[in-house]
Structures are given as C-alpha cells and as structure tokens.
Amino acid sequence: MNKTDQIFINMCQNILNFGTSTEGEKVRPRWEDGTPAYTIKQFGVVNRYDLREEFPIMTLRRTALKSAVDEMLWIWQVKSNNVNDLNSHIWDEWADSDGSIGKAYGYQMQVKHNYREGMMDQVDRVIFDLKNNPFSRRILTNIYVHQDLAEMNLYPCAYSMTFNVTQRQGADKLTLNAILNQRSQDILAANNWNVVQYAVLVHMMAQVCGMEAGEFVHVIADAHIYDRHVPIIKELIKRESYPPPTFWLNPEINDFYKFTRNDVRVDGYETGPQIKNIPIAV
C-alpha cells in the first residue's frame, strides 16, 4: 500500500473510532434540504508527507490534479477572489452576482505590505526570502485577516503556509519543507485535494528557488467527517491501494508566475472508481 493511502486510512479510522460527534450541538452548516450537518471530528490531526519518497495523491479514488492545481494557482499566482478567473465551479456557492467571494483567499495574497526591503505581497515575500534569506524562520503567509473577515463570503479554511529550509550533509541542493495550517476540513470532500495542491506548491517554490522539495506537513485543527459521508468513507478505506504515480513538473519553468495547470502531471496514475455526487454541507 502506498503511504498516502495509508495516512488517509489511518486518519479516517482514528476519526471514526475516537472522534467526537457534534450531533445535538448548534452547528452552522446545513445540507441542501435544510437539515443540520453534523460531524464526527478529531482535534489536532497532523499528517506528514515526504515529497522525496512519493507524490501524495491518493489512489483509493481519483483526485483531479489539474483542477486542484488550477484552484491553488488562482489563489497564489493569479491572486484572485473572483470565480470568473477559475476554470472550475467549486466556489460558485460563495460568489456574489459579480463572481466575487469578498476579501478572501487571493485577495489577501495580492495586498502589498511595507517591508524593510520594500513593498511586496505575501507570495513575492516568500519567494524573495527563499532566494535571499533561505534559513530565515519567518517565511510564511497568513490569509486569516481578522479586520477583513466581515467582508469574506467564506472564512479561509487553509489559512497559513510556513516554509522552512534545511541543508542535508552532502546534498547538492537545499531542501524546502512546509507546513500547511488549516482550521477546518471536510475529510471526504477536501483532504487529498488540499494535500495535492500544497504539495505541488512546495514543488513549484522549490524549483524556482533552486531547491528540492522535502517534507510537507499538514496540520488540521478540526478534522471532520460529515454524518452523511460516514458510509462513503467506510467503503472508501476498504478499497485496494495502487502504487503511487510518478510526479512531473515542467523543468523549463523557473518563474513561479509562468506555471500553468498543464505544467503538472502524474504518470501511471491508477485508482479506484470515482465517488460521484458527494453531498456538500454549506
């Protein structure tokens, strides 16, 4: 069994066996029929992926790599908060009539801040530090900006990336590691989607900064399985696991802003059947 599938299975088993039910609590999410969307949740889940060993895309079911990358680039590269700039429709539920999701996600990435080295937005600051001060312990982004929460149509779930560079003895390149902090996650709908997105981001940042991708750590404060997802999860984690595919990132790209969704692929990606029409709580 590949390591990514095993991490996912272990996490789901722990949530189902040792998690806490929110049934009876006052919960915000609702199903389409208006019923409260309760969960089984676990606090403080931490998963580690070594990007030198395998690319962390699950094989129990297919994760749409290009769509996941497209959304990540929408936030980090295009720095947009408008769904009309996105190729998928996953954000339509939270968009207004003009397509805006408010001062959220990409909006926060494009706001420039005054640093000692000059005016930069958060993404450019990360790239600047990785290239000029790689051993800094201050290389991070944060889009959970309290003063703007009232103008966000959805509060950020994955809200902070912290980058950390290490130097392995005898290695030709520095190693780029990163931690993704997430306040809340719908495990069935979003877990591997987010893992894939930010693993790709680490690979991209490493390549444009002349490093190798190392460890990716995913920290989830509230990792939950929705009540209507429990039977689906139980079936999913019993499935056969396939060998991890080979990850490819276009080696010709050395500018983060030149990457497209087509500069990423996985070869030999064999999976179980896709799960269709997953109910989503809003």
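The values are calculated or read from the model by the stated rules, or taken from the named source; none is laboratory data. Keep in mind the model is a prediction, meaning the values are calculated, not measured. Glycine gets a Cβ as well: all are built from the backbone with ideal geometry, and neighbour counts include every protein chain shown. Just so you know, the surface numbers come from the protein's heavy atoms only, side chains and all, with ligands and any DNA or RNA stripped out. Shrake-Rupley method; radii C 1.70, N 1.55, O 1.52, S 1.80 Å.
Once you reduce region 189-242 and region 153-188 to the center of their Cα atoms, the two points are 11 Å from each other. Taking 0.36 nm per residue of sequence separation and removing the Cα-Cα distance, the ALA64/GLU32 pair yields an extension gain of 9.1 nm.
So what's the net charge close to VAL282: Lys and Arg +1, Asp and Glu -1, counting the other residues with Cβ under 10 Å from its Cβ? The answer is 0.
Applying a DSSP loop filter and a limit of 11 other Cβ atoms within 10 Å to the trypsin sites (Lys or Arg not before Pro) in region 1-58 leaves LYS26, ARG52.
For region 183-282, the solvent-accessible area works out to 42 Å² per residue, with a probe of 1.4 Å and every protein chain left in place. For region 1-147, the per residue solvent-accessible surface stands at 54 Å², with DNA, RNA and ligands left out and a 1.4 Å probe.
Across region 158-187, no residue has a backbone nitrogen under 12 Å from the label position 7 Å along the beta-carbon direction of GLU117. Taking θ as phi - 60° and the Karplus parameters 6.51, -1.76 and 1.60, the scalar couplings of region 67-72 work out to 5, 5, 5, 4, 5, 4 Hz in sequence order, x denoting glycine and proline. Using the Cβ-Cβ distance between GLU23 and ASP98 with R0 = 35 Å, the FRET efficiency computed as 1/(1 + (r/R0)^6) comes to roughly 0.40. For the listed residue pairs LYS26/LYS234; LYS26/LYS79; LYS3/LYS79; LYS3/LYS276, the alpha carbons are over 28 angstrom apart in LYS26/LYS79; LYS3/LYS79. With both labels modelled 7 Å from their Cα along Cα-to-Cβ, the GLN167 to GLU240 distance reads 4.8 nm.
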